[in-house]
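Every number in this text was worked out from the coordinates using simple rules, so none of it is lab data. All values derive from a computational prediction rather than experimental measurement. Note that we place each Cβ from the backbone using ideal geometry, even for glycine, and neighbour counts take in every protein chain shown.
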Amino acid sequence: MFHRRLLIIVLCGLCFVVVAFQDAVAWPRLRRHRCICPCQKQSAVSVSPEVEPVPREGVPDLLRMLRSSDAEVRISAAVELGVLRENRAVEPLITALHDNDERVAEESARALGNIGGKRAILALIAILPKEPQAPPVKRIFVWANAAEALGELGDRQAVPGLIAALNSDIASYAAHALGRLKDRLAVEPLIRSLVTADYLDRCWAVESLGRIGDRRAVPPLIERLADPKAAVRWFAVRGLEEINDARVIRPLMDRLSDEDRDVREVAAAALGTLGGKEAVPSLKVCLSDPDENVRRQAVIALQKLQGSISGPTRPAR
């Protein structure tokens with residue numbers, strides 16, 4: 001727990017470095033490691049799987065620790081109570097959401113997400129911001145943990161609060177949570193959020209629209225295929241593949257010549273899933289792409305569309 005805030009700052013800084021080199025880094029790889037959002041972080045307070053958890057008989061002691069004057073003790077208590085998923089801890093943890101030490105509030109939000117239940121859900125919804133805030137009100141990591149917890153808990157009564165949070169400092173987290181809930185009420189607000197200047201927010205809004213799968217999202221997602229940021233284009237291709245609408249074939253074919261190799265690769269894969277015969281000539285051109293992964297996906301796509309093919313998978317020397 002030593003210098004926990006410094007650790008968070010360092011982790012955020014590393015994410016920003018990754019973002020700075022986005023054109024050279026494989027965005028699908030970033031996607032798998034969930035490093036695309038600079039606010040995302042690893043908790044410095046974690047419970048090792050080798051450490052034996054506190055027995056349930058120790059819950060009263062943990063509840064007392066949650067009222068300790070030592071913030072580090074309160075943090076540890078919140079973590080342990082979340083691991084135990086102890087219902088008796090819900091009300092004390094709700095109180096701790098407003099702890100003067102933001103780290104305690106962060107872990108309390110996470111713990112409430114682990115425990116779940118109507119009371120915990122309502123408390124997490126209540127702390128979501130509805131507009132950008134300024135210090136000292138701003139508690140981004142607390143709100144982010146609350147949004148993530150609501151997405152994981154899967155209760156759709158959180159949808160209105162998360163929609164309101166699309167206008168706040170945690171828009172990325174709210175969008176991601178809405179995608180997990182897959183409620184169609186979020187479609188229009190997510191579409192409106194695509195005009196945000198923050199491309200990371202656009203990424204998560206695009207991804208969530210794909211997850212929800214509503215055809216109202218097809219035109220705005222096609223527009224995002226021309227986004228200046230490769231990451232947004234990558235997510236737009238994936239989203240359109242998930243929605244599976246005949247209107248997307250031609251726009252996806254255009255992405256086979258995208259300047260970003262990862263966008264070309266995911267476009268080839270999507271056309272293999274969705275495309276008709278009109279995609280075959282463009283995919284054959286990709287057999288000579290300078291990137292090996294693009295060539296491989298083109299071969300796979302052509303096999304799906306027309307059976308086995310013969311053609312080069314390596315550029316001629």
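At-a-glance table
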quantity: Potential lengthening between Lys284 and Lys130 on full extension [0.36 nm per residue; Cα-Cα distance subtracted]; calculated: 50.5 nm
quantity: The stretch 225-308 - Rg over Rh from alpha carbon coordinates, Kirkwood radius; calculated: 0.93
quantity: Computed FRET value (nearest 0.05) for Ala71 with Arg250, which takes r as the C-beta separation and R₀ as 45 Å; calculated: 0.20
quantity: Reachable lysines, given that their alpha-carbon falls under 24 Å from the alpha-carbon of Lys277 and they are not under 8 places away in the same chain; calculated: Lys304
quantity: Proximal charge balance of Leu221 [Cβ under 13 Å; K/R count +1, D/E count -1]; calculated: +2
quantity: Which of Leu166, Leu221 has the fewest Cβ neighbours within 10 Å, and the rest in rising order; calculated: Leu166, Leu221
quantity: Cross-link partners of Lys138 among aspartates and glutamates (Cα-Cα below 19 Å; sequence separation of 8 or more within a chain); calculated: Asp99, Asp101, Glu102, Glu106, Glu107, Glu148, Asp169, Asp198, Asp201
quantity: Simple label model, 7 Å out from Cα along Cβ direction - Arg64 to Glu223, nm; calculated: 6.0 nm
